[in-house]
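A.B. asks: One structure, as structure tokens, below. Some questions next.
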Amino acid sequence: MKHQIDLNAIPKEKLRFAQLDAKLSDTKFEDKPIGYFHDAWIRFRKNRASVAATVIIILIVLFAFVVPIFTRNHMGVMDTYYAKKGPRHTWLKETLGIADGGVTGSYSEMDFVRYAAIGVGAEDKDGSSVQSIKDTMGTLYQPLNELIKVEESVNKLSKKTTMRFTAEFDNYLQVGFIYKMVTQQEYQKILDYQNETGLQILYPLIENNEWNPDPTDANYWYKCDKKFNAVTVNEKGKATKLNYSDDLVLEDNYMRDENGEVKFWQYAGGGTFDTAHYKIRILYYNYYYYLHDFFPDYIFGTDAQGYDLALRMAQGIQLSLLVAVAVSAINMVIGAIYGAIEGYYGGAADLIMERVSDVLSYVPFIIVMTLFQMHLAAKVGPIVSLLLGYVSIGWIGMAYRVRTQFYRFKTQEYVLAAHTLGANDWRIIWKHIFPNAIGTIITSSALTIPGVINSESMLSYLGIVKLGTASTTSLGTLLADASSIWTSYPHLMIFPAMVLSLLMICFNLFGNGLRDAFNPSLRGVDD
Amino acid sequence: MGYMGKYVIKRLILMLFTFFCIVTMCFMLVRALPRELPQGTASQVEQIKARWEALGYNKPLLEQYVIYWKNIITKWDFGTSWGIAFRKPAWDVLTGRLLPTVLVNAYSMVVAVPIGILLGIYAAIKKNKWQDSFISTVVMLFISVPSYVYAFLVQYFLYFKLGWLPLNVYALADADNSWVSWKMIYSMIAPVLALSFGEIAGLCRFTRAELTESLTQDYMLLARTKGLTRAQATSRHALKVAMVPILPSILSSFLGLIGGSMIIEQIFSIPGVGTLYIRSINLLDYDVFMMDCVFYTFIGLLAGIITDLSYGFLDPRIRMGAR
């Protein structure tokens, strides 16, 4: 039962004014107002795919700018012996067992022994102790990573047994030893370096006798017959073929003097002491360190010419991004101005300008790019003419979009009001109408970037734009260089193609995310 | 003359005007490039020089331009190839290469159109379900990846790993001297596949967008109210309307492919128009290059006009040009 109050019976002194001193004007919002961009950002953040794409783009950009810092000393190093080699990184090889430079292949017995013998020869620094192949497994210079299987097959006609070896060899160590002609001073320098650092570069020369089947190949340090089979020779000079087994010990065939000491150099012409040339036999892996001061640790391998592929890719991404961002920025400016003038003034100006952009929009893209390259590449360089080519027709789409926005907004009442209040054309265009187009402009600028990256790599792949120099390259050029040889060296194609696809996918996702954020009514409409 | 007739004529005149402008620009820019005499003995070079003189290659640009159009109109002569096929008319050089390009692109359309449209319809019907988001995600990935990456993937897996397909399209002599023999079709599977991935994805996305729009229209509600099942309403009403923009887009993307499959032709060494273009640049065969410019411009304009006009023919609601 509620207690009823008679409202009229309340005594006057019990009543008081509730808001006697309070200001009854609008109170301030307690929240911060959300602006256009903030609103867009909130929407963008919710789109998980776009955020992930943005993160990947940032990572790729970081890759493009950080890799050249870490591989500063790889810059300009082009090594023909180590061209087209697969990924290899000592640290990753030891810790994770990946990127070991290894390529699995099928080898005949003589080839298998030849490559495995490199590791044995490298351990035997002065020709004193030849170890078995098994004992050198796992040593630093042994190219044989893993012997996967040995198959024996019998030829039906000749009844001969042949062995096939499936094995994984480290591509870099597989280069093994090479001969080199050096001046006397150079020899001394290498020798000093070797004594100082303990890095064995010089290895004994090989005797040029009947057991050396190929005097130009520095890897046959063991006795071989004319068919390149490893042999053992008894006192009477009779050779017996050695078959591969785990504990096979090869017989060395080094050049020795009367005292039985191995020789490390041989006089190879040249008159005086200073000009004399020596023939030396070097382990290329260590010689490489002597030359460049780093071991061939190439995380993505080396490209077709022998550059570090990771560095080349970083340079390619840099160039692609630079061109794409520059093109999209320039097109944005030109397109915005052109479209604004067209859309705002309308009439005859619009008709003429529209006709011009209509004609230009039908010029085939590839022909524009070709003509720009043909005319300007020799004068201003391929990159500048590439940019000019893009800019010459790329702004049309932007102009069209801005024009549409202007047509939509120029007849609205607030524009009329601004006119009446005396705002001039310039002010109305940029202050009142243009901000309405900003969302569209940002979105289509962002979506320009993947298009430019794609077409730029297509043009350089086709060779219409020639971008490959020692310090710059593009992803398309890398792919073009790889195109004829990549079935044998898949990494040349896989890494650049992967990065390119990833860039394209992520920029498209990023652009779509931006569009949804700036223009939520268009969400899910793909055009 | 009806409304449509006027519009068609207006479009055609505009197209001719655009075509004329672009050809003029290209001609000036191409002829302004320095011409290099081909390699050969002294007498051959002398002959070519005399021939060039007679063809007016050394006259002022404007005069050359007049000669160019005169030759086209009177003799259908678009110039002469000096590098690719010595002294063969540029027109013959181009048309001789048209068939392989058209065939490869036509095959890829035959593969892509049904798959793309069906996937698009399926995604639209299952809108906002997991099937739709799965298809949309895959389509997004497939649209973004450049076509030559597909070419490498196809080559790597189907040629290199599995050995099912040849690396390149066969030369004419290896395929019974016919562009339509089974052997030739077999060797074209790889480029057709490489082209199809992107096409399928593009069509699927377009179909889905159009169909989802027409599925939410009022006439669909009416169709359901009068007793049609969902399948009937979709196939008889929504699909019909959605097809209006899809059909022209198929046509124009076919034409776009002819102008844009250069890189696929290069990778699979198809002796088509695209490889001709690259060769004409590398050999500086300017007359053939000019022929290519004319061809690509024409194809581009044709695609544009077909799209525009077919909207009008297919959909009576669209009154073009009416303001």
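A.B. asks: Between region A:298-320 and region A:159-208, what is the separation of their alpha carbon centroids in Å?
C.D. replies: 27
A.B. asks: Once you place label points 7 Å from the Cα toward the Cβ at A:Leu376 and B:Leu251, how far apart are they in nm?
C.D. replies: Distance between label points: 3.7 nm.
A.B. asks: What does the helix-only formula give at 222 nm for chain A: each DSSP H stretch with n ≥ 4 adding -39500 (n - 2.57), the total divided by the residues, and the result rounded to the nearest 500 deg cm²/dmol?
C.D. replies: Details: 15 runs with 251 residues, N = 527.
Here the helix-only value at 222 nm equals -16000 deg cm²/dmol.
A.B. asks: Among B:Met184, B:Met28, which comes first, second and so on when ranked by fewest other beta-carbon atoms within 10 Å? Write down the numbers at each step before the final one.
C.D. replies: On the way: B:Met184 20, B:Met28 13.
Ordered by Cβ neighbours within 10 Å, fewest first: B:Met28, B:Met184.
A.B. asks: What is the gain in length, in nm to one decimal, between A:Thr469 and A:Phe17 on full extension, counting 0.36 nm per residue of separation less the C-alpha to C-alpha distance?
C.D. replies: Working: separation 452, 0.36 × 452 = 162.72 nm, distance 8.52 nm.
Between A:Thr469 and A:Phe17, full extension yields 154.2 nm more.
A.B. asks: Packing-wise, with mean Cβ within 10 Å as the measure, how do A:454-461, A:202-209, A:48-55 rank, highest first?
C.D. replies: In decreasing order of mean packing, A:454-461, A:202-209, A:48-55 become A:454-461, A:202-209, A:48-55.
A.B. asks: Determine, for B:Trp82, B:Trp179, B:Trp69, the number of other Cβ atoms within 10 Å of each Cβ, and report the residues in order from fewest to most.
C.D. replies: Working: B:Trp82 23, B:Trp179 17, B:Trp69 13.
Ordered from fewest to most neighbouring Cβ atoms within 10 Å, B:Trp82, B:Trp179, B:Trp69 come out as B:Trp69, B:Trp179, B:Trp82.
A.B. asks: Here's something else I'd like to know. Sort A:277-283, A:86-92 by packing, meaning the average of other beta carbons within 10 Å per residue, with the highest value first. List each step's numbers first, then the result.
C.D. replies: Details: A:277-283: 21.4, A:86-92: 18.4.
Descending packing order for the listed peptides: A:277-283, A:86-92.
A.B. asks: If you don't mind, there's one more thing I want to ask. Roughly what would the spin-label model give for B:Thr225 and B:Lys161, points 7 Å off Cα along C-beta, in nm?
C.D. replies: In this crude label model, B:Thr225 to B:Lys161 measures out at 5.5 nm.
A.B. asks: While we're here: How much length is gained if the chain between A:Gln185 and A:Leu291 is pulled fully straight, taking 0.36 nm per residue apart and subtracting their Cα-Cα distance, in nm to one decimal?
C.D. replies: Numbers: separation 106, 0.36 × 106 = 38.16 nm, distance 1.51 nm.
Value of the extension gain: 36.6 nm.
A.B. asks: Are there any helices in chain B, counted as whole DSSP H runs, that stretch 27 Å or more along their axis by Cα and score at least -1.0 on average by Kyte-Doolittle, and if so which? Spell out each step's value before the answer.
C.D. replies: Values: long enough: B:3-31 (42 Å, 1.51); B:98-125 (39 Å, 1.98); B:182-215 (44 Å, 0.71); B:239-260 (29 Å, 1.67); B:286-314 (41 Å, 1.33).
Result, helices passing both filters: B:3-31, B:98-125, B:182-215, B:239-260, B:286-314.
A.B. asks: Hey, another quick one. Just tell me how shielded B:147-155 is by partners: mean number of partner chain Cβ atoms within 10 Å of each residue's Cβ, no decimals.
C.D. replies: 5
A.B. asks: Next up: Unpartnered cysteines of chain B (Cβ-Cβ under 4.7 Å counts as a partner)?
C.D. replies: Singleton cysteines: B:Cys21, B:Cys204.
A.B. asks: State the Cα centre-to-centre distance between region A:43-116 and region B:55-81 in whole Å.
C.D. replies: 55
A.B. asks: List the lysines whose alpha-carbon lies under 21 Å from that of A:Lys149, not counting same-chain residues fewer than 8 positions away?
C.D. replies: Result set, ordered by chain and number: A:Lys134, A:Lys160, B:Lys161.
A.B. asks: Follow-up. In straight Cα distance, which lysines are under 25 Å from A:Lys431, not counting same-chain residues fewer than 8 positions off?
C.D. replies: List returned: A:Lys32, A:Lys410.
A.B. asks: Could I have the simple spin-label model distance between A:Ile42 and A:Phe273, label points 7 Å from Cα toward Cβ, reported in nm to one decimal?
C.D. replies: 8.6
A.B. asks: Quickly rank B:273-285, B:111-123 as a protection proxy: mean count of other C-beta atoms within 10 Å, highest first.
C.D. replies: On the way: B:273-285: 21.5, B:111-123: 19.8.
So the peptides B:273-285, B:111-123, ranked by packing, come out B:273-285, B:111-123.
A.B. asks: Averaged across A:460-470, how many Cβ atoms of other chains sit within 10 Å of each residue's Cβ atom?
C.D. replies: If you average over the peptide's residues, the count of other-chain Cβ atoms is 2.
A.B. asks: How far is helix A:309-345 tilted off the main Cα axis of chain A, in degrees rounded to 10, range 0 to 90?
C.D. replies: 20
A.B. asks: Would you list which lysines come within 18 Å of A:Lys93, measuring only between C-alpha atoms, while excluding same-chain residues fewer than 8 positions from it?
C.D. replies: List returned: A:Lys85.
A.B. asks: Please work out the FRET efficiency for the pair A:His419 and B:Arg35, using the Cβ-Cβ distance as r and a Förster radius of 60 Å; give the result to the nearest 0.05.
C.D. replies: Working: r = 58 Å, r/R0 = 0.96.
E between A:His419 and B:Arg35, to the nearest 0.05, is 0.55.
A.B. asks: Taking 22 Å as the cut-off for C-alpha to C-alpha distance, list the pairs among A:Lys379/B:Lys70; B:Lys49/B:Lys88; A:Lys125/A:Lys180 that go past it. List each step's numbers first, then the result.
C.D. replies: Values: A:Lys379/B:Lys70 34 Å; B:Lys49/B:Lys88 16 Å; A:Lys125/A:Lys180 18 Å.
Exceeds cut-off: A:Lys379/B:Lys70.
A.B. asks: Now for a different question. With a 10 Å Cβ neighbour count serving as the proxy for reagent exposure, in which order, fewest first, do A:Arg403, A:Arg427 appear?
C.D. replies: With the sparsest Cβ surroundings first, the list reads A:Arg427, A:Arg403.
A.B. asks: When a/c reaches 1.5 or more, the comparison of a/b and b/c decides; with that in mind, is region A:339-474 rounded, prolate or oblate per its Cα gyration tensor? All intermediate terms of the calculation are to be shown ahead of the outcome.
C.D. replies: Working: a/c = 3.12, a/b = 2.43, b/c = 1.28.
Note, shape of region A:339-474 comes out prolate.
A.B. asks: Can you give the average number of partner chain beta-carbon atoms within 10 Å of each beta-carbon in peptide B:300-306, as a whole number? Walk me through the intermediate numbers first.
C.D. replies: Values: counts 6, 2, 0, 1, 3, 0, 0.
Shielding by partners across B:300-306 averages 2.
Any read-out appearing in this document is the output of simple, stated calculations on the displayed coordinates, not a laboratory observation. The model shown is predicted, which means the values in this text are computed figures rather than measured ones. Heads up, the Cβs are rebuilt from the backbone with ideal geometry, glycines too, and the neighbour counts pull from every protein chain shown.
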